[in-house]
Every structure is written in C-alpha cells, then in structure tokens.
1. Points 7 angstrom from Cα along the Cβ direction at T38 and H66: gap in nanometres?
2. Assigning unit charges at the beta carbon (Lys, Arg +1; Asp, Glu -1) and nothing else, what dipole magnitude in debye, to the nearest 20, does region 27-89 show about its Cα centre?
3. Full-extension gain between D91 and K79, please, as 0.36 nm times their residue separation minus the C-alpha to C-alpha distance.
4. Can I get the semi-axes of region 27-89's equivalent ellipsoid? Compute them from the C-alpha gyration tensor as square roots of 5 times the eigenvalues, in angstrom, largest first.
Amino acid sequence: MKTSQFKKTARLLFLLGTFYGSVANAGPVNINTASAETLAENIVGVGPILADQIIGYREAIGGFSHADELLEVPGIGEKTLKNNIENIVIDGKLP
C-alpha cells in the first residue's frame, strides 16, 4: 500500500472511530437539569460551547417543556435534534 493511501485510510479509520465512539457514549440526558459537561458528553453533535448556549437558553426561558424547543438554540438544527431525540429527557420523560 502506498504511503499516501495508508495515511488516508488511517485518517478515515480514526474519524470513524471518533464518531462512533461518541455515538456509543451518548445516553439519556435531562436537558432541564444537565450540566454543560453532561450535555456535551451525551448529545451527539454538541460540544462545550453549544452546551453552554443550551444552558443559557434554558435559563432564559425557565426550562424546556418539549425537546423541539432545542431548535431555538443557535447552532442546534433538525439533524442534531433528530440524531438525539430518543435520548432527550424532560422532567423524567423521554419524548
């Protein structure tokens, strides 16, 4: 195998491992009580900065009443919501 092809294959495997590793670690998260760290660890596609924005929005509105309200947070789109909807908890209830 050529060196450049090996590097491309290694990079692809690394990226796939990183993506699937983060998906595997995602779990149910109560978006009304979770810390920024918990949000970033359990919502696929959300990092520390976006997690802080979720908390800021949550505080501004007094808490989420439905998971769809996450779409009001800048940076959260339909794809992120769709990929995580089964793990989003509000007041002990999954959507």
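1. Here the modelled spin labels are 2.4 nm apart.
2. Values: 3 positive and 9 negative charges, 17 e Å.
Computed about the Cα centre, the dipole is about 80 debye.
3. Working: separation 12, 0.36 × 12 = 4.32 nm, distance 2.31 nm.
Result: 2.0 nm gained on full extension.
4. Numbers: eigenvalues 40, 32, 27 Å².
Over the Cα atoms of region 27-89, the ellipsoid semi-axes are 14, 13, 12 Å.
Each reported figure results from applying straightforward, stated rules to the coordinates on display, with no laboratory input. Keep in mind that this is a model prediction, so the values were computed, not measured. Using ideal geometry, Cβ is built from the backbone for each residue, glycine included, and neighbour counts are taken over all protein chains shown.
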